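Quick notes on the structure that follows.
The values are calculated or read from the model by the stated rules, or taken from the named source; none is laboratory data. Computed from a predicted structure; not experimentally measured. A quick note on method: Cβ atoms are made from the backbone with ideal geometry, for glycine too, and the neighbour counts reach across all protein chains shown. The area values use the complete protein model at the heavy-atom level, side chains included, leaving out ligands, DNA and RNA. Shrake-Rupley method; radii C 1.70, N 1.55, O 1.52, S 1.80 Å.
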Amino acid sequence: MISLIVPYYNSEKWLSRCLESLSAQDSTDIEFILVDDNSTDKSREIVEKWVREEPRGVSIENEGIPGVGGARNTGIENANGEWITFLDSDDELNSELVDKFKREYVYTDNGYNIYQFNHLRYYDEINNVAFKYCNNGGEYRLTTRLKDMPQQWWAVWNKFYRASLLNENNIRFNAQMRYGEDELFNLECLACDGRIWHGERNIVTLTRHFNNKESLSHIRDV
């Protein structure tokens, strides 16, 4: 099983698009864990309605320190899957994401603990694809330089992680960090297994929307 964790906070403007992309996944071997980080708008109401209609969906509250790190940690603690991945509430998945991952996993079957895929960066305000990140497929191995890793190595929303890698090494997000918690999380993963398998070059599995000016990702880019 795959556990897909979506933390959200006051995301009512974008949640429906995100949730629709989850429902479009064909696989039944997946659970969608929606973690509410104390929203004050109608986000929780939207999620609760969706969960009632989506048997693969689970709605929970952030049990840790407020913020994206704490919410993701809560998701990990409640995950049942062999694999864990993350999605931000204002982004959307390719409808074939899970099938593509399974194909890569079966094809490689070399004990990789981290899989990464390509993605688009899309700006709704100007209706334009700004960037397309397409690394070459295959193994990336950490030697002495982080630049040997694929583009966007630091992100968590473009990867699948084997749950045993996280749990056996007690790898969690530093919930007290406002910036850089993704990088630190991935550095801890790479310290335990310095390999990333990257999916097919021309396959895009995720669209990152940069229309939420309050999101951490948008603030970091600016």
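Here is a check on your reading of the model: is Ile2 touching a Gly at 6+ places or on another chain (Cβ under 8 Å) and crowded, with 22+ Cβ neighbours inside 10 Å?
In short, yes.
Going through the range 65-82 one residue at a time, which ones are more than 15 Å from the chain's Cα centre (by Cα), within 15 Å of Ile171 (Cβ to Cβ) and not in a helix (DSSP H, G or I)?
none
Conditions (1) in a strand (DSSP E or B); (2) open to solvent by less than 10 Å² (accessible area, probe 1.4 Å); (3) under 14 Å from Gly138 (Cα atoms); (4) not aliphatic (A, V, I, L, M), marked per residue:
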{"residue": "Ile84", "(1), (2), (3), (4)": "yes, yes, no, no"}
{"residue": "Val106", "(1), (2), (3), (4)": "no, no, yes, no"}
{"residue": "Asn110", "(1), (2), (3), (4)": "no, no, yes, yes"}
{"residue": "His119", "(1), (2), (3), (4)": "yes, yes, no, yes"}
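Identify, from the list Gly75, Gly69, Gly81, the residue that is within 19 Å of Arg162 (Cα to Cα) and touching a Pro at 6+ places or on another chain (Cβ under 8 Å).
Result of the check over Gly75, Gly69, Gly81: Gly75.
In the range 16-64, which residues are open to solvent by 50 Å² or more (accessible area, probe 1.4 Å), assigned to a strand (DSSP E or B) and either in contact with a helix residue (DSSP H, G or I) (Cβ under 7 Å, 6 or more places away or on another chain) or among the hydrophobic types (A, V, I, L, M, F, W, C) (or both)?
Val58 - this is the single residue of the range 16-64 that is open to solvent by 50 Å² or more (accessible area, probe 1.4 Å), assigned to a strand (DSSP E or B) and either in contact with a helix residue (DSSP H, G or I) (Cβ under 7 Å, 6 or more places away or on another chain) or among the hydrophobic types (A, V, I, L, M, F, W, C) (or both).
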